[in-house]
Every structure is written in C-alpha cells, then in structure tokens.
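Below you'll find the structure, written out as structure tokens, and then a few comments.
What follows is calculated from the coordinates using simple rules that are stated; it is not laboratory data. Small disclaimer: the values here were computed from a predicted structure and weren't measured.
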Amino acid sequence: MKTIVVVMGVSGSGKTTVAAMLAGTLGANFLEGDDLHPRANVEKMRNGTPLGDADRLPWLRAIAAEIDRWRQCGEAGVVTCSALKRAYRDIIVGDRPEVALVYLRGGRDLIQHRMAQRHEHFMPVGLLDSQFATLQEPDADEHPIVVEIKGGPAEIVADIVRRLKS
C-alpha cells in the first residue's frame with residue numbers, strides 16, 4: 001500500500017472530509033493543503049478572484065515539501081490539494097512512487113449544491129466554474145484512484161482503502 005495519499009478534486013468535492021477520515025482509517029498524518037496557501041492567495045479567492053499558476057506555485061512547493069518530509073521520516077500521510085492541472089500534480093506527486101493520487105470526481109450541479117451548504121469557507125461558489133475550466137482530469141499514466149462522490153464519505157473512504165490495498 002502507498003504510504004502517502006494526495007486527495008484531489010475541485011473545491012466542494014469533499015477533499016477535507018474524505019481525507020481526514022482516510023487519514024484516521026490509515027493511522028496516517030493529515031494535512032489540509034489549503035492551510036499552506038499564502039495569505040494573499042486566500043484573500044484573492046475570498047474576493048472571488050481565481051488563482052493563476054504563479055499564485056499556486058509557492059503553495060504547491062509547500063505541499064511537496066511536506067510530502068518529502070513525511071517520506072524522509074518514513075511517515076504515512078494524507079494531504080488535500082485541488083491539484084487541478086497535470087503540471088501541479090507533477091510537482092506534488094511527480095516521481096514519488098510511495099505517493100498515491102486519489103481523484104474525487106463529481107458533476108458540477110452536485111458540487112455546486114454542496115458548496116452552497118458550506119459556511120465559513122473562503123472559496124465562494126462563484127469560483128466553481130473557474131475550477132472546472134482549469135481541471136485536467138488525471139491521465140491513466142498517473143495511476144489515479146478515481147472515486148465518484150455520489151456516496152457518503154464513509155463509503156468513499158472504504159472504496160479508497162480497498163483500492164489502495166489492491
């Protein structure tokens with residue numbers, strides 16, 4: 001089984017909920033990748049401005065550094081990161097064989113509904129279209145575990161654990 005898991009998807013796909021449950025199930029460290037965003041990024045998103053590649057680069061490097069720290073210490077971990085583009089995933093997963101990529105996939109209407117139910121999150125529903133416009137779904141050569149988000153979190157986590165073990 002891979003020791004480090006990156007849980008990716010657009011905002012509102014359930015990354016935090018699923019990743020926290022997955023980390024608990026695996027007895028692994030948990031990192032909310034959004035916590036590593038520079039303050040300027042959070043303010044941009046809070047104000048409805050989509051991030052560009054240059055905005056994301058320091059954030060992605062910070063996530064990669066934490067993954068590398070876990071690797072060096074031999075620790076298991078689960079981290080959330082939207083990882084919308086292949087180039088972003090190349091930074092945080094790259095050639096790290098012990099890192100598994102889990103993609104939480106869902107339709108725009110379902111995710112918009114979920115986002116509308118959230119409170120106190122910096123990502124407004126208005127940025128969902130920019131997330132889907134940026135999204136490059138993982139290719140087969142990235143060996144993603146693709147999970148449809150129609151089920152509940154416990155069901156999704158059980159599916160991920162089963163697929164990590166296979």
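Helix by helix, which DSSP H runs in the chain go 15 Å or more along their axis at the Cα atoms and have an average Kyte-Doolittle hydropathy of -0.5 or more?
Passing helices, by number: 15-26, 153-165.
GNM, the chain, Cα, under 10 Å: largest mean-square fluctuation among Ala54, Ala65, Ala154?
Highest fluctuation among the options: Ala54.
Give me the extension gain from Arg162 to Leu110: residue separation times 0.36 nm, minus the current Cα-Cα distance, reported in nm with one decimal.
16.2 nm
If the chain were replaced by its equivalent ellipsoid, with semi-axes equal to the square roots of 5 times the Cα gyration tensor eigenvalues, what would those be, largest first, whole Å?
So the three semi-axes of the chain are 23, 19, 14 Å.
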